[in-house]
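First comes the structure, then the notes that go with it.
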Amino acid sequence: MNPIIDVLKSHRSIRQFTDQPIDQALFAEIIMSGQAAASSNFLQGVTIIRVTDRAKRAQLRQLSGNQPYVESAAEFLVMCADLNRAAQCCDLHDKQATTGFTEQFILATVDTALAAQNICVAAESAGLGICYIGAVRNHPDQVSELLNLPDHVYPVFGLCLGWPDQAPEVKPRLPLALMLHENAYPSDIDRAQIEAYDAVMVDYYKTRTDNKKTAGWSEQMSGLLSREARPHMLEFLRARGFMQK
């Protein structure tokens, strides 16, 4: 197809890294690639905390479910949705910031995700591996305190970058027919397609090198959506000035 599409379609999460550092010129180019992502209203509502302090890295590992690659990756970034910087612009123009709207929260969160994905594509195109760490939201208040995050800023996820020390298999995605629909959402989900995909995933897990599972995709999703999902996040976000109206 073309090299960019090949990189995108070959994505794998990397959880084992060599101890080789990332050249600082390359690192800067990767971060600038993140800056180049689309941004609604040109908010640019993302701040990246590059964690180089080893003690803080160890604390973040513990706060993120004790995942060792948080500490072992060459670089660990905390991707933060940031409305604080834009709100401070109101002071420059003698205006009162009207914050707390859910739409503002969405804008900053989407900006953060888009910037992170650009970073990941840039990193993987250079041969680096990446791993998103959603578990920074296990203890968002402690992560925020550790990184001195002000109100109207919250940690969306962490991001490991480094040179891969493993070559995991590419995980099969849903059939295109289950996620691409024309003109309207379907009245019924194609259960036969889901069952066929479950069989593909069961076979994949049988041959995968690490973290073998036995459940198909639909069974995993039924487990995901039938239990609580970080219920502390709503109270935390509201306390930080988000989603108040």
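Rule-based calculations on the coordinates, nothing more; no lab input. These numbers come from a predicted model, not from an experiment. Note: ideal-geometry Cβ built from the backbone for every residue, glycine included; neighbour counts use all protein chains shown.
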For the chain, with a Gaussian network of springs between Cα atoms less than 10 Å apart, report the residue from 90, 131, 80 with the top mean-square fluctuation. 90
Mind pulling the angle between the C-alpha long axis of helix 24-35 and the longest principal axis of the chain? Nearest 10 degrees, somewhere in 0 to 90. 90
If the rule is a partner Cβ under 4.7 Å, which cysteines in the chain fail it? 80, 89, 90, 120
Percent relative contact order for the chain, counting Cα pairs under 8 Å at least six residues apart, stands at 26
Fewest first, what order do 83, 114 take by the number of other Cβ atoms within 10 Å? 114, 83
May I ask for the angle, rounded to the nearest 10°, between helix 102-125 and the longest principal axis of the chain, with both axes built from Cα atoms and the value confined to 0 to 90°? 60
Would you mind calculating the relative contact order of region 176-221 from Cα pairs under 8 angstrom and at least 6 residues apart, reporting the percent as a whole number? 30
The helix 191-207 Cα axis meets the longest alpha-carbon principal axis of the chain at an angle in degrees, between 0 and 90 and rounded to 10, of 90
About its Cα centre, how strong a charge dipole does the chain have in debye, to the nearest 20, once Lys and Arg get +1 and Asp and Glu get -1 at the Cβ? 420
Rg and Dmax of region 69-207, using alpha carbons, in Å: what are they? 20.0, 62
What's the longest piece of the chain with no exposed GluC sites (Glu not before Pro), counting a site as exposed if DSSP puts it in a loop and it has at most 10 other beta carbons within 10 Å? 1-181
